[in-house]
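Note sheet for the following structure.
No lab work stands behind these numbers, since they all come straight from the coordinates. Given the structure is predicted, the values throughout are model-derived calculations rather than measurements. Here the Cβ positions follow ideal geometry from the backbone for every residue, glycine too, while neighbour counts run over all protein chains shown.
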Amino acid sequence: MNKKLPLDTASSWDAFSLGAGEAVCCPGVDRDRWRPWLAQMPRALASEAAREIRHSSLCSTGRRTYELAGPDGLPLVVKCYPGAWWEKLPSPDGSSLGCSPWGAFECNLALSLRGVPVPQPLAFVAQGQNTPDAVSYAITSLLEGCQPLMNFAFEHLRRRPSAANVTRWMEAVVETIVNLHRAGYAHGDLHHHNILIRSHDDGEAIQVYLTDFDACFANTETAPDRAQVLDLASLAASLYQVAPDRLLWKGLARYFAGLSLNAERRRRCLGTLREGYRSVLNYYRASFGRVEDYYLTLAEKALEEIKPTP
């Protein structure tokens, strides 16, 4: 018997059967237009109509991502997950990420409802769930006119190198991460390909979006917990080429300033940051010279400047 999709978060969504599986669509989606499109979608993904989206990731979940024109002709993003919707996604070391295809989609939905800037979730399809060919599809809007953060930064630094611009971009990114953590979530795979930027031509006014929630999960502990500090470590390591003297010095101080942390919690946060930062540096397998020590020194200074909680 197929397990039914749990619609705890998406209680107002439209659920219906779809051939050998089931689907849910967000409020406002025209079921009559989407049903035939969803039925044909697997075939369309295997045709020249679909464009595969490739990018690096700190965690490999076995899924493939495509850009495909939707029922109204507008581009959508379709993530294809092999296996059942409730199965935990794999991590590179063979363990479980603790998140399922539906869990990743539900995190995207929950963050959207909380006002965190993410792609709009539109539909989820689960087909052949009790067969060896089981597959799940998560469908969201395409964030058009956006670039991965590193691409955006290098493009604008070449055209208009400005310390003020870099500082402004980093503050906007950190503010988005603050909002993610305040919403009660840790991203789990935070790097420059999962941070998209939309800007005007001058690169000054920007909008920051977060994508790819395969390793995301709701956090019930008081922020920042270990996973949330690891978000900061991952972000810092992937962006060291842009602003090694600003992201942690100003960004960390900005992040921690509004939190009530005693000296022991600050020390634990720094230890987690140090551990996570080195781990991500090892993942990238590049020669960083002394940038690691420089970064961690700045991080320690930023944390020391926070006024201790009595």
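Using alpha-carbon pairs under 8 Å, 6+ residues apart, how would you state the relative contact order of segment 14-141 in percent? It would help to have the intermediate numbers written out before the result.
On the way: 224 pairs, mean separation 32.8, N = 128.
Rounded, it is 26 percent for segment 14-141.
With point charges of +1 on the Cβ of Lys and Arg and -1 on the Cβ of Asp and Glu, referenced to the Cα centre of segment 14-141, which listed residue (Tyr137, Ala126, Ala39) lies farthest in the positive direction of the dipole?
It is Tyr137, whose Cα lies furthest towards the positive end.
Grab the other residues whose beta carbon is less than 14 angstrom from that of Gly19, score K and R as +1, D and E as -1, and report the net. Spell out each step's value before the answer.
Working: positive: Arg35, Arg43; negative: Glu22, Asp133.
Spelling it out: positives minus negatives among the neighbours equals 0.
Sorting check: for 178-189, 116-127, 267-278, 30-41, which peptide has the highest mean count of neighbouring beta carbons within 10 Å, and how do the rest follow? Provide the component values of the computation, followed by the final result.
Values: 178-189: 20.8, 116-127: 22.4, 267-278: 17.9, 30-41: 15.4.
Descending packing order for the listed peptides: 116-127, 178-189, 267-278, 30-41.
Given a Förster distance of 25 Å, report the FRET efficiency between Thr167 and Leu113 from their Cβ-Cβ distance, rounded to the nearest 0.05.
Values: r = 31 Å, r/R0 = 1.25.
Efficiency at R0 = 25 Å is approximately 0.20.
Between Ala205 and Thr297, what length in nm is gained on full extension when 0.36 nm per residue of separation is reduced by their alpha carbon distance? Can you show the working numbers first?
Details: separation 92, 0.36 × 92 = 33.12 nm, distance 3.06 nm.
Going from the current span to full extension adds 30.1 nm.
How big is the C-alpha Rg of segment 134-201 next to the rule-of-thumb value 2.2 N^0.38 Å, as a ratio?
Numbers: Rg = 14.5 Å, N = 68, 2.2 N^0.38 = 10.9 Å.
Compared with the compact-globule rule of thumb, segment 134-201 sits at 1.33.
Using a Debye calculation, one point per C-alpha and no hydration shell, please list log10 I(q)/I(0) for segment 14-141 at q = 0.14, 0.16, 0.17 Å⁻¹ in order.
-0.61, -0.81, -0.92
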